[in-house]
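To start, the structure itself, in structure tokens.
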């Protein structure tokens, strides 16, 4: 039996649980999707809105923020399924974390220092997004696997928040043109996203 939860949906627990009531919720999640609350720095949420508007101007198609975030999640899952090396995946998550743990002089004293301005973390906006069951399950399995390398406090929600922040920071540093071309290439502009 798993004791650690890797998301508020806790799909791994339900997968290992044989209670009849739990299988009903598992079936509903598979059918309807898994809703999660994702915290996004407000400045990044504003940037995502801008990206969706730019996508519409370039293609005439509508791209919603939740679909853009789903795209980022699926892109990351594709990356981790092609990278069998757990240490490489863990290193990638650490790079997206934008915080450094500092161990104090006293035992069990740990604090985090953010490499981004504190305003990024003090002004968070929560958005509820429904993800595909298989995507969230895969991320939970990945986080569970990473426990064999290093004990961590990462959750699927934090990981998705990191993916969003890393995406926005990359755009701020390298420009939007390349990202828009990739989005147009990967998403069919004839569909509503």
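Highest mean packing first, where packing is the average number of other Cβ atoms within 10 Å per residue, the peptides 134-144, 35-45 line up as 134-144, 35-45. With a simple spin-label model that places each label point 7 Å from the Cα along the Cα-to-Cβ direction, the separation between residue 43 and residue 64 comes to 2.8 nm.
For residue 147 and residue 181, the difference between the fully extended length at 0.36 nm per residue and the C-alpha to C-alpha distance is 8.6 nm. Return, ordered by residue number, the residues of the stretch 143-179 whose backbone nitrogen is under 12 Å from a label point located 7 Å along Cα→Cβ of residue 86. Flagged as within label range: 143-152. Listing 156, 73, 130 from fewest to most neighbouring C-beta atoms within 10 Å gives 130, 73, 156. Rounded, prolate or oblate: which one fits the stretch 117-180, using the alpha carbon gyration tensor with axes a ≥ b ≥ c (rounded when a/c is under 1.5, else prolate when a/b beats b/c, else oblate)? Here the stretch 117-180 falls in the prolate category.
Computed from the coordinates by the stated procedures, all read-outs in this text should not be read as laboratory data. These figures come from a predicted structure and were not determined experimentally. Cβ coordinates were reconstructed from backbone atoms using ideal geometry, including for glycine residues, and neighbour counts include every protein chain displayed.
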